[in-house]
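The values are calculated or read from the model by the stated rules, or taken from the named source; none is laboratory data. What you see is a predicted model; the values in this text were computed from it and never measured. Don't worry about glycine lacking a Cβ; one is built from the backbone with ideal geometry, like all the others, and counts go over all protein chains shown. Note: areas computed on protein heavy atoms with side chains; ligands, DNA, RNA excluded. Shrake-Rupley method; radii C 1.70, N 1.55, O 1.52, S 1.80 Å.
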Amino acid sequence: MAAMTAGAELWQALCAAREAAEAPAKAASEEENSGAKSGAAPGPAPGPAPDAEGLLAKTQSCLDKDPENASSYQDEESGASVLMVASQLGLIEVVKTLLERGAPWNALDRKGRCAGEYALEAGHQAVVDLLVDHGVRAEMLLGAIEKRKLERGPMAANEDYLKSNVEYTSDEQKLMDPNGDAVMMEWERPLMQLHAQVICQRGALTAGESSEQTPTGDVLNVGFGMGIVDSYIQEHKPRRHVIIEAHPQVYKRMLDDGWDKKPGVEIVFGRWQDRVASIGQFDGIFFDTYGEYYADLKAFQDNLPRLLRPSGVYSFFNGLCPRNIFFHGVCCQVVQLQLDHMGIEASFQPCELEADANADDTWQGVKRRYWWNDTYYLPICVMRPTTAATDA
Ligand SMILES: C[S@@+](CC[C@H](N)C(=O)[O-])C[C@H]1O[C@@H](n2cnc3c(N)ncnc32)[C@H](O)[C@@H]1O
């Protein structure tokens, strides 16, 4: 018989602890299902708490035997890793040790769940925080997140997209690219309203006027799409309302709809990459493009110290890893740290979405869905008063 690997040995020890902890709850629910017990009995007692010290010692000895195999072991059938089971059991020292010895924090099981989600579901907040911290440091170090496409626009690269034919659907619910992917969708309207509010209301204050007074300060929006955010920005009557748009058909639509004649509006036709150097400074900025990578969002953000006035507000469509709430949290923290280095304080306001965001009907006719969650974390990023460059 082949000898058991160090990883399999550790896996078995952790799973045995998990089974022991779950056994009484399972037995109680089986009894309940068989009708053997009435509702009068107290709830199931939890099983024995895992032997944290014993499991830590086991982890260390397995890691000493074969560090690589023991730290990264994943069960063949479920895909669950030793880090996932330790996270689910709340064994913080074991989790710490595994991470220090190279366990991949972002491995996925066969259902696409990572260690952070195991900890989150089991309610072990300290383990969740540890995994987020580790993930943020790893992402910052490796720049791994840079290579991820922003979820909106999973296939088309930006320059290819800009040369392609786009189409506004006849019901005005979507703007589609030729691959059947949605560039923009109507379900985002309430979010766009909030984004406009955040960048305009704060913008009014930075322009040195009270919030009841008009106009709002100077506002920049990158990416017109269906013009939803721009329509809401208009309601705030900005003094200057600059819109950068690079797609020729979207630009034509803007002209057809008379956007060039709206109060304060200046349309800048071209890629933001070629245009942001010479458009002045703003009190509010929103960024929402298509077919770009996280590296592009970051490159845009590198311009903020020059573009955003002191106390000005920046926001962006937050489609960072929306498929996995734990990775989403890590991405938000990475952005927060990157902006912090530029003197910008970022927070994420949870907003509950309306039912149509995730309704099957909404996504009919869209090849690749780009949103899955009930909560949207709206970025509110404020330039600290002393750090931004001032108007020349
Ligand atoms: C998701 S839509 C914006 C939706 C918009 N927020 C709204 O409320 O309707 C993205 C827009 O960004 C434009 N875009 C894509 N890449 C761009 C770039 N590099 N520079 C400027 N605009 C770009 C697209 O043509 C598209 O109109």
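Would you confirm whether or not segment 76-84 contains a residue that is of a type in the set (Val, Ile, Thr), crowded, with 16+ Cβ neighbours inside 10 Å and more than 27 Å from the chain's Cα centre (by Cα)? Reasoning before the result, please.
Going residue by residue through segment 76-84, those that are of a type in the set (Val, Ile, Thr) are 82.
In the following step, the residues that additionally are crowded, with 16+ Cβ neighbours inside 10 Å were identified as 82.
Narrowing further to those that are more than 27 Å from the chain's Cα centre (by Cα): none.
No, because not a single residue in segment 76-84 is of a type in the set (Val, Ile, Thr), crowded, with 16+ Cβ neighbours inside 10 Å and more than 27 Å from the chain's Cα centre (by Cα).
Annotation: of all residues in segment 241-270 being away from the ligand (no atom under 14 Å from the Cβ) and open to solvent by less than 60 Å² (accessible area, probe 1.4 Å), the one that is farthest from residue 284 (Cα to Cα) is 258. Among the residues making up segment 271-292, those that are open to solvent by 10 Å² or more (accessible area, probe 1.4 Å), under 21 Å from residue 344 (Cα atoms) and of a type outside the set (S, T, N, Q) are 272, 277, 279, 280, 288. Taken over segment 170-180, residues that are open to solvent by less than 30 Å² (accessible area, probe 1.4 Å) and either in contact with a Pro (Cβ under 7 Å, 6 or more places away or on another chain) or more than 11 Å from the ligand (Cβ to nearest atom) (or both) amount to 2.
Being closer than 13 Å to residue 6 by Cβ and not aromatic (Phe, Trp, Tyr): is that true of residue 62 here?
Values: closer than 13 Å to residue 6 by Cβ: yes; not aromatic (Phe, Trp, Tyr): yes.
For residue 62, the condition - closer than 13 Å to residue 6 by Cβ and not aromatic (Phe, Trp, Tyr) - is met.
Just so you know, in segment 348-362 the residues that are aliphatic (A, V, I, L, M) and part of a loop (DSSP other than H, G, I, E, B) include one that is nearest to residue 191 (Cα to Cα), and it is 353. Taking the listed residues 77, 93, the one that is over 15 Å from residue 135 (Cα atoms), in a helix (DSSP H, G or I) and acidic (Asp, Glu) is 93, with no other qualifying.
Taken over segment 317-339, the residue count meeting the criterion of being closer than 10 Å to residue 377 by Cβ, outside any helix (DSSP H, G or I) and of a type outside the set (S, T, N, Q) is 2. Just one residue in the set 312, 319, 329 is in contact (Cβ under 8 Å) with a residue 12 or more places away in the chain, in contact with a Lys or Arg (Cβ under 7 Å, 6 or more places away or on another chain) and crowded, with 17+ Cβ neighbours inside 10 Å; that residue is 319.
Residues considered: 295, 355, 359. Of these, the only one that is within 14 Å of the ligand (Cβ to nearest atom) and surrounded by fewer than 20 Cβ atoms within 10 Å (Cβ to Cβ) is 295.
Determine which member of the set 162, 130, 120 is at pLDDT 90 or above, buried (at least 16 other Cβ atoms within 10 Å of the Cβ) and more than 20 Å from the chain's Cα centre (by Cα).
Values: 130 fails: more than 20 Å from the chain's Cα centre (by Cα); 120 fails: more than 20 Å from the chain's Cα centre (by Cα).
Just a single option satisfies the conditions, and that option is 162.
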